[in-house]
Amino acid sequence: MAMRFALLSDVVVMAYDTLRGNKMRSALTVLGVVIGITAIVGMTSIIRGFDESLRDSIRELGPDTMFVAKFSGLSFASGKEFKDLIKRPVLTVADAKAIERDAPSAGKVDVWLGAWMAGTRERVYYKGEKTKQLGIIGVSENYAAVNFLKLTGGRFFVQAEVEHRRNLAVLGDSPAKALFANVDPVGKVVRIAGDEYEVIGYVAPRPSVGGLGGGQDDFVVIPYTTYQKQFGWRNMSGNVHVGGTQTNANAMRSAMIAVVPAEGATRDQAMAEVEQVMRVRHGLKLEQPNDFDIITQDAALKMWDQISGATFIGLVVISSIALMVGGIGVMAIMMISVTERTREIGVRKALGARRREILWQFLFEAVFLTSVGGILGVALGASIGVGVHYLTGFPVSLPWWSFALGLGFSGGVGIFFGLVPAIRASRLDPIEALRYE
């Protein structure tokens with residue numbers, strides 16, 4: 001055991017001396033490994049951070065909440081063309097009422113107007129203050145319950161206020177802070193698109209989707225009946241371009257319906273009933289596919305898993321190319337090193353060194369070289385992740401396994417590409433090696 005430890009110690013010292021004696025050459029040799037490991041650790045931290053943040057945001061909506069939409073990312077993920085999706089019928093308040101009436105497993109039903117794609121965006125004014133362009137959404141009295149919203153102050157609409165088209169508003173956290181930095185917003189009157197609205201509540205800040213900031217709290221909700229009176233389904237100017245297809249922005253306007261299962265009913269039961277109600281309303285035959293999407297947490301997460309999985313595979317392929325280039329560089333340098341140190345190998349063999357000791361010496365040098373590159377790559381990749389978070393607020397996560405993965409890959413590259421030079425060195429004939437000039 002003591003002899004093995006002494007041998008290992010000698011190998012480490014020799015590998016270190018070799019690196020120190022050829023600093024520039026060593027640095028250039030490991031550059032490919034550094035780039036590959038940096039890409040693995042840096043991108044893993046960003047993808048993992050976004051993944052965790054996105055899952056937290058989706059969970060905030062409630063595990064059983066489902067959304068009925070004209071179309072969603074699920075349709076695009078299944079390969080459907082936008083030009084076909086845009087022809088689907090527009091969802092309306094009447095659809096939400098039908099679900100509420102004809103689907104007994106659907107508990108709370110809410111309808112959103114102006115929230116889907118080509119939504120309504122306006123500034124909100126209060127005395128001399130104004131907000132940036134915000135989403136103005138028309139909703140029912142069930143909005144807070146369906147979305148598990150927590151109010152910082154005030155209250156939400158009641159059914160009678162929705163039915164009587166009251167000019168009431170509940171502010172998201174962003175406009176509440178922008179307009180009422182040191183004042184309680186409740187009871188104040190704001191102006192939206194020229195009309196006055198009484199603020200009756202404001203919502204607590206929510207985690208943004210994917211942690212990207214902005215957006216989740218940039219909204220004002222008003223009763224959907226008031227929304228219809230104020231904004232209606234007026235024609236919108238301009239066009240929308242999606243996937244190479246151009247369409248009028250007005251064709252994008254559609255209600256979105258949110259549904260929470262009734263107490264005692266499962267989500268699958270509620271979803272089946274909602275689907276049946278919508279198919280009947282749209283006059284679909286048995287063999288015809290749905291002309292709407294029902295979005296659940298599971299479906300959204302499954303779609304995200306497909307996206308992140310494909311991204312991760314792409315990352316591994318790109319990183320593998322960099323690692324392969326780095327590995328080839330390591331092999332080339334080790335071959336040169338074997339040639340340069342042929343006489344040294346002959347001397348060591350003449351003094352009694354065995355073939356496996358020579359093999360371990362050169363193999364360890366290669367692993368040592370790539371491991372140094374791996375450590376630098378891990379440090380650089382982690383720094384990039386932290387820097388991105390610091391500069392942009394983008395969520396990042398630095399799991400321990402990404403470090404282990406980076407170091408494991410770098411060590412593996414050293415073993416794979418260092419093996420041939422090590423075998424060549426170990427098989428040198430000692431007499432021929434001593435004659436080498």
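The values are calculated or read from the model by the stated rules, or taken from the named source; none is laboratory data. Since we're looking at a predicted model, the values are computed, not measured. We place every Cβ from the backbone using ideal geometry, glycine too, and count neighbours over all the protein chains shown. SASA here: full protein model, heavy atoms, side chains in, ligands and nucleic acids out. Shrake-Rupley method; radii C 1.70, N 1.55, O 1.52, S 1.80 Å.
What are the residue pairs meeting all of these: first residue in the range 332-357, first residue within 9 Å of PRO421 (Cβ to Cβ), second residue modelled with pLDDT under 80 and of a type in the set (Asp, Glu), Cβ atoms under 9 Å, and 6 or more apart or on different chains? Once the first residue is within 9 Å of PRO421 (Cβ to Cβ) and sits in the range 332-357, no partner that is modelled with pLDDT under 80 and of a type in the set (Asp, Glu) comes close enough. State which residue is modelled with the highest pLDDT when the search covers only the range 61-77 and only residues that are outside any loop (DSSP other than H, G, I, E, B) and surrounded by fewer than 17 Cβ atoms within 10 Å (Cβ to Cβ). My answer is GLY73. Is the range 130-137 home to any residue that is among the hydrophobic types (A, V, I, L, M, F, W, C) and touching a Gly at 6+ places or on another chain (Cβ under 7 Å)? Yes, the range 130-137 has at least one match. When the range 274-297 is filtered for residues that are in a helix (DSSP H, G or I), touching a helix residue (DSSP H, G or I) at 6+ places or on another chain (Cβ under 9 Å) and open to solvent by 30 Å² or more (accessible area, probe 1.4 Å), the ones remaining, listed by number, are GLN276, VAL280, ARG281.
Taking the criterion of being surrounded by 14 or more Cβ atoms within 10 Å (Cβ to Cβ) and in contact (Cβ under 8 Å) with a residue 40 or more places away in the chain, the residues of the range 186-204 that qualify are LYS188, VAL190, ARG191, ILE192, VAL199, ILE200, GLY201, TYR202, VAL203. For first residues located in the range 246-273 and at pLDDT below 85 and part of a strand (DSSP E or B), partners that are of a type outside the set (A, V, I, L, M, F, W, C) and open to solvent by 30 Å² or more (accessible area, probe 1.4 Å) and lie 6+ apart or on another chain with Cβ distances below 9 Å form the pairs GLN246/ASN239; THR247/LYS83; THR247/ASN239; THR247/HIS241; ASN248/ASN235; ASN248/SER237; ASN248/GLY238; ASN248/ASN239. The one condition from (1) under 30 Å from ARG191 (Cα atoms); (2) modelled with pLDDT of 80 or more; (3) open to solvent by 20 Å² or more (accessible area, probe 1.4 Å) that MET117 does not meet is (2). Only residues that are open to solvent by 20 Å² or more (accessible area, probe 1.4 Å), in a loop (DSSP other than H, G, I, E, B) and at pLDDT below 90 were counted across the range 143-165, and they come to 3. Taken over the range 78-110, the criterion of being more than 30 Å from GLN306 (Cα to Cα), surrounded by 18 or more Cβ atoms within 10 Å (Cβ to Cβ) and free of Cβ contacts under 8 Å to residues at least 40 places away in the same chain is satisfied by GLU100 alone.
In this structure, ARG25 qualifies as modelled with pLDDT under 75 and on the phi < 0 side of the Ramachandran plot. For the range 387-419, name all the residues that are surrounded by fewer than 15 Cβ atoms within 10 Å (Cβ to Cβ) and touching a residue at least 40 places away in the same chain (Cβ under 8 Å). Residues satisfying the conditions are GLY393, PRO399. Within the range 420-437, being open to solvent by less than 80 Å² (accessible area, probe 1.4 Å) and part of a loop (DSSP other than H, G, I, E, B) holds for LEU428, ASP429. Can you tell me which residue within the range 300-320, out of those that are over 30 Å from VAL68 (Cβ atoms) and touching a residue at least 24 places away in the same chain (Cβ under 8 Å), is most open to solvent (accessible area, probe 1.4 Å)? Result: ILE318. For SER45, the criteria (1) polar (S, T, N, Q); (2) at pLDDT below 80; (3) within 25 Å of the chain's Cα centre (by Cα) hold in every case but one, which is (2).
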